[in-house]
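A short write-up of the structure that comes next.
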Amino acid sequence: AKQTVHDGIKFPSKKEAQYYEQLKLRVLTGEVIFFLRQVPIHLPGGIRYTIDFLEFHADDTCHFVDVKGMMTKEFIKVKKLVEALYPIEIETV
């Protein structure tokens, strides 16, 4: 992953920066009302997991999205933990 700066924001990968651009367009079309970046989710043991994007859609749904180039064993483990503790599903792009 190559760190990329877009709109003055540092992204850990080009893929995440491209997803950010797509989200901005989806806001313009009205599909997405607004979105947040780097949203922390607190886990037991003082662990904090950060979701890349929290999207609020026009159909009154919220989407927790992580942009991944590769699904690591560590990510899969943490994803399962978050989904077991909270009533959310993490979407991966």
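The values are calculated or read from the model by the stated rules, or taken from the named source; none is laboratory data. Predicted model, so just to flag it, every value in this text is computed and none were measured. FYI the Cβ positions are ideal-geometry reconstructions off the backbone, even for glycines, and counts take in every protein chain you see. Heads up: the accessible areas ignore ligands, DNA and RNA and are worked out on the full protein's heavy atoms, side chains in. Shrake-Rupley method; radii C 1.70, N 1.55, O 1.52, S 1.80 Å.
Being outside any loop (DSSP other than H, G, I, E, B), open to solvent by less than 30 Å² (accessible area, probe 1.4 Å) and at pLDDT below 95: is that true of F53 here? Walk me through it before giving the result.
Working: outside any loop (DSSP other than H, G, I, E, B): yes; open to solvent by less than 30 Å² (accessible area, probe 1.4 Å): yes; at pLDDT below 95: no.
The answer is no for F53.
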- [ ] Tell me which residues, restricted to segment 64-93, are in contact with a strand residue (DSSP E or B) (Cβ under 9 Å, 6 or more places away or on another chain) and either of a type in the set (K, R) or at positive phi (or both).
- [x] K68, K79
Open item on the list: Can you go through V65, V27 and tell me which one is among the aliphatic types (A, V, I, L, M) and not in a strand (DSSP E or B)?
Closed with: V27
Open item on the list: Which of the numbered conditions does F35 fail, given that it passes all the others? Conditions: (1) without any contact (Cβ under 8 Å) to a residue 12 or more places away in the chain; (2) closer than 16 Å to D7 by Cβ; (3) not acidic (D, E).
Closed with: (1)
Open item on the list: If T29 satisfies all but one of (1) under 16 Å from the mean Cα position of the chain (by Cα); (2) among the β-branched types (V, I, T); (3) open to solvent by 90 Å² or more (accessible area, probe 1.4 Å), what's the number of the condition it fails?
Closed with: (1)
Task: Unmet criterion (only one of (1) assigned to a helix (DSSP H, G or I); (2) without any contact (Cβ under 8 Å) to a residue 40 or more places away in the chain; (3) not charged (D, E, K, R)) for V82 - done: (2)
Task: Conditions (1) loosely packed, with under 10 Cβ neighbours inside 10 Å; (2) farther than 23 Å from P12 by Cα: number failed by L85 - done: (1)
